[in-house]
Amino acid sequence: MVQTSRARAVLAEQLFSLFAPMAQEKALEVLDVECTGDAIRVTLDDPRGPLDSALLDELTPVISAALDGVAEVDAAYPRSYLLEVSTPGIERLLRTRAHFQRFVGSKVAVKLKAGIDGERRLHGRIYAVDDDGVEVELDSGGKRSVTFDEVERARTVFEWPAQPKKSLGAKGSAKK
């Protein structure tokens, strides 16, 4: 059976709902579930700080066993698939109001859904978050408010810390 991108998105949401309570039992949260042609990727996060890799190792077989009981997974992946359970890394996907709130002041890239007036891609810093949406201070100047319903995808953007310039010493100095 060939899976369309919409069917994969529906399966991903179903799996997200399945995994969320499992993660909450360990004080973790599911950031994302992605179903591709040959893989299911589950991204977990610990809101308190870096995710302990031992906890990730403990949850992977639990998630794998849970997938065994889902008929839609068997239909979407009749042969085999790769299960990848990981942490978000440096750049984090923002899905919920709490995610946006946690990263107020951080640099972000936001893609808006088709049909939204104005630019679809926003780059800047999260300025404010309320119950309805987020206000982004744009790199290009000004601010833009969008509702959570208008956001297709959002993530933090890692910024390399500024490095001091290395001095090469005095110009024109030569050994005698």
Can you tell me which condition Arg41 does not meet? The list is (1) closer than 14 Å to Arg8 by Cα; (2) in a helix (DSSP H, G or I); (3) not acidic (Asp, Glu), and all the others hold.
(2)
Just for the stretch 108-147: of the residues that are under 20 Å from Leu31 (Cα atoms) and touching a Phe, Trp or Tyr at 6+ places or on another chain (Cβ under 8 Å), which one is surrounded by the most Cβ atoms within 10 Å (Cβ to Cβ)?
Val134
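If we scan the stretch 85-105, do we find a residue that is more than 30 Å from Glu137 (Cα to Cα) and either surrounded by 14 or more Cβ atoms within 10 Å (Cβ to Cβ) or not aromatic (Phe, Trp, Tyr) (or both)?
Yes, the stretch 85-105 contains a residue that is more than 30 Å from Glu137 (Cα to Cα) and either surrounded by 14 or more Cβ atoms within 10 Å (Cβ to Cβ) or not aromatic (Phe, Trp, Tyr) (or both).
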Quick one: is Thr4 over 24 Å from Val129 (Cα atoms), β-branched (Val, Ile, Thr) and either at pLDDT 95 or above or surrounded by fewer than 11 Cβ atoms within 10 Å (Cβ to Cβ) (or both)?
yes
With touching a Lys or Arg at 6+ places or on another chain (Cβ under 7 Å) and in contact (Cβ under 8 Å) with a residue 60 or more places away in the chain as the only criterion, which of Leu122, Leu112, Leu94, Leu138 stands out?
Leu94
Is it true that some residue in the stretch 75-85 is at pLDDT below 95 and in contact with a Cys (Cβ under 8 Å, 6 or more places away or on another chain)?
yes
Among the candidates Asp74, Asp46, Asp52, residue that is of a type in the set (Asp, Glu), over 19 Å from the mean Cα position of the chain (by Cα) and outside the structural domain of His123 (by TED's automatic domain parsing)
Asp74
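The values are calculated or read from the model by the stated rules, or taken from the named source; none is laboratory data. Every value quoted in this text rests on a predicted model; they were computed, and no experiment measured them. Neighbour counts are summed over all protein chains in view; Cβ atoms, including those assigned to glycine, are modelled from backbone coordinates with ideal geometry.
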